[in-house]
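Report on the following structure.
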Amino acid sequence: MERKKKADIADQFQKNDEANKTYAALAVALVCAVIGLPMWWLTTTTYRANLPYSQIEQLAKSKISVVVPTDVWLCLDQKQSRDTQLYRKLEQKLSLGIVRLGDLSIQYKISLNECSGKTAHILSKSKTLKDFDMALTSNQNEEEMAQPKLGKSDVYILSEQLFNSSSTILSQKRRGYVKFEQDLDNTVAFVMQLIREVFTNERLIVKSHLTSKQSANSQDDIDSMRALRSKPGYELSFNLLNPDPASIHYTWDIASGVQSYLQPFLDKLSEFADFGVESQVLYYSKLAVQPRKSGIDNSYILPYEHLAHVINPIEARLGSHISTNPDLNFIVYLPTKSQSPLYVMDAHDNRSLFNAFLSPRWGGVLVYNTPENVEDKSERDPLKVDMQYVMEVFVGQLRLLLGIPAQNADMFLQEEKNSAITDWEVDVLFRTKTLENIATASSTLTSLSQLLGKISNMVIKDNVAKEVYSAVETIQLSERFLAEGNVYRAFHASKKAIQTAEEAFFDSSLLELLYFPEDQKFAIYIPLFLPIMLPIVSSFYKSVRWLRSRNNDSSKEKHD
């Protein structure tokens, strides 16, 4: 009896011990499942702020509308001005409407007006077209101080007495003049040619838009590869290279040259970008390319195929520029006496017109020969570089580097003060760069969206999301300003869009190398957690089996 009692007590202790082990295993498994697993999930989850993925996708597919507002003024004699039938015919023929070019549409808002009031008075007092244009400029300056014209041009249809031979004349301002002809279709054709090819420059706008979007139908050409992308600022460096200062003693007044010839051009582009200007004189800097003796005379030539090898050795001597803005280098090279005169050859093996050449997106080089019939002078009386000639060449090269196309000089009214760029050329530049910025910013946001979709465990911080939202909003704002015809506000909005888009894309937290792919993540966690989880899972499985067997035994006892 006593043995049986002891056996029952031992059996009871064993059952209690198994129960304690089971409950302990279940408690450990419960803690791991309820506390450990959620905590691990929360501590390893990457924070990803919400981004406007649908809006970014819509930006890449959106169609852009560019509105070009133009006022056409009919300025004829009193008899023709009163001809209402002529006015109505001209108004009907000038209604161009919308020109669709792929996903880009250009809408011409042409308003026909009659010259009256102050304009008619100015016309009656003007003897030449130049007098009329100067009087309009002085009158327009007063009006623009109150309300400036933003991308809006004027076309004046005038009687043939004010014209010489050309039927179309351009002003430095946002104005053009067309000679009235009896054949109204010819007059309308000249007006539309002026609006579409000059004031709007459809070809340049479409090419810039397609190139920026990297369309399959677009092809890289010289203009697109030569011009720089739109940036907040540019650093201009002017350098005088004297390889033999002992025998060649030159001086240049770069300060007055910049102030007189370059600064008016930069003032016109003050809203386009910030320009920094610096200069230096480098001695004992020779060309790495050996000039070749000309077979015609005693001169020397730089062949066209060797011009590409001139830049790198010179660039190493220019020094470094401490700026995030791109550098544009302009070099005046003084050839040695043993290699003078030195001429630059073009692609057709002819002497360059300005004895200079352009390096795409880098700058330009001008070979400055000593003028003929100049006697040798001592060091006390140095030769002076003709700054007007030098700066005219460099300003022309700067126009090409910024993407401003060359125009036919015969079509212009010659003015006393020439800033090397007209007001309507500034409008064309702003339109093309706005479309370029919109396309580039949209492409940047699309690439960022694809990157974040590809790497799901990449952290998206709040500041990155804020920049993305700001870029999307400014792109939409720029497109809206373009549709309203306000080219200046559209450009500034697009410039802000591309800056914020690039800041978001190049944020240091979005480096792809900081993040592991999913398979590598599991390769790291499995060796760490598998040795711990196997005993827990095994104990949990045994505990469940024990509980089931215990429940079966208790149900049998009750049945018995």
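Read-outs throughout are calculated quantities, based only on the coordinates presented, and are distinct from any laboratory measurement. Computed from a predicted structure; not experimentally measured. Reconstructed Cβ throughout: ideal geometry from the backbone, glycine too, with neighbour counts over all protein chains shown.
In what sequence, highest mean first, do 303-315, 395-407, 240-252 appear when ranked by Cβ atoms within 10 angstrom?
395-407, 240-252, 303-315
Please check which bits of segment 439-461 a label hung off Ser62 would reach, taking the label as a point 7 Å along Cα-to-C-beta and the cut-off as backbone N under 17 Å.
439-449
With a Förster radius of 45 Å, plug the Cβ-Cβ distance of Arg48 and Ala308 into 1/(1 + (r/R0)^6) and report the FRET value to the nearest 0.05.
0.40
Could you give me D for segment 228-402, from Stokes-Einstein at 20 °C and 1.002 mPa s, where the hydrodynamic radius is the Kirkwood radius over C-alpha pairs? Units µm² s⁻¹, please.
Stokes-Einstein gives a translational diffusion coefficient of 126 µm²/s.
Would you please give the residues with an amide H less than 5 Å from that of Arg48, counting only those at least 5 places away or on a separate chain, with H modeled from the backbone geometry?
Ile460
Would you please give the residues with an amide H less than 5 Å from that of Ser359, counting only those at least 5 places away or on a separate chain, with H modeled from the backbone geometry?
Gly364, Val365
How much length is gained if the chain between Glu392 and Ser270 is pulled fully straight, taking 0.36 nm per residue apart and subtracting their Cα-Cα distance, in nm to one decimal?
Between Glu392 and Ser270, full extension yields an extra 42.0 nm.
Could you work out how far apart the two model spin labels at Asn113 and Ser256 are, taking each label as a point 7 Å from the Cα in the direction of the beta carbon, and quote it in nm?
4.4 nm
Residue by residue through segment 267-275, what is 3J(HN,Hα) from phi via Karplus (6.51 cos²θ - 1.76 cosθ + 1.60, θ = phi - 60°)? Round to whole Hz and write x for glycine and proline.
The phi angles translate into 5, 5, 9, 5, 7, 7, 6, 8, 10 Hz.
Which value, in debye to the nearest 20, gives the size of the charge dipole of segment 228-402 about its Cα centre, when Lys and Arg are +1 and Asp and Glu are -1 at the Cβ?
My answer is approximately 340 debye.
Going down the list Lys433/Lys454; Lys130/Lys173; Lys268/Lys384; Lys93/Lys433; Lys173/Lys495, which pairs span over 20 Å between their C-alpha atoms?
Correct reply: Lys433/Lys454; Lys268/Lys384; Lys93/Lys433; Lys173/Lys495.
DSSP beta bridges in segment 65-208, what fraction antiparallel, as a percent rounded to 5?
Given both bridge residues lie in segment 65-208, the antiparallel proportion sits at roughly 30 percent.
Just the number, please: Stokes-Einstein D of segment 65-208 in µm²/s, Kirkwood Rh from C-alpha pairs, 4 °C, 1.567 mPa s.
Diffusion coefficient, whole number: 81 µm²/s.
If packing is taken as the average number of other Cβ atoms within 10 Å across a peptide's residues, how do 460-473, 265-278 rank, most packed first?
460-473, 265-278
Using a Förster radius of 22 Å, what is the FRET efficiency between Leu37 and Ile526 based on their Cβ-Cβ separation? Nearest 0.05, please.
Plugging the Cβ-Cβ distance into 1/(1 + (r/R0)^6) gives 0.90.
In what sequence, highest mean first, do 284-290, 446-452 appear when ranked by Cβ atoms within 10 angstrom?
Going by the mean number of other Cβ atoms within 10 Å, highest first, we get 446-452, 284-290.
Whole-Å semi-axes of segment 260-352's equivalent ellipsoid, largest first, each the root of 5 times a Cα gyration tensor eigenvalue? Don't jump to the answer; show the numbers that get you there.
Details: eigenvalues 190, 56, 34 Å².
Ellipsoid half-lengths, sorted descending, are 31, 17, 13 Å.
Please compute the length gained on full extension between Gln407 and Ser447, using 0.36 nm multiplied by the number of residues separating them and subtracting their Cα-Cα distance.
My answer for the length gained is 10.7 nm.
Contour minus end-to-end for Arg229 and Asp349, with contour as 0.36 nm per residue of separation and end-to-end as the Cα-Cα distance?
40.1 nm
Could you derive backbone 3J(HN,Hα) for segment 422-430 from the dihedral phi with the Karplus parameters 6.51, -1.76 and 1.60 (θ = phi - 60°), listing whole Hz in sequence and x where the residue is Gly or Pro?
In residue order, the calculated couplings are 8, 5, 6, 5, 5, 4, 4, 4, 5 Hz.
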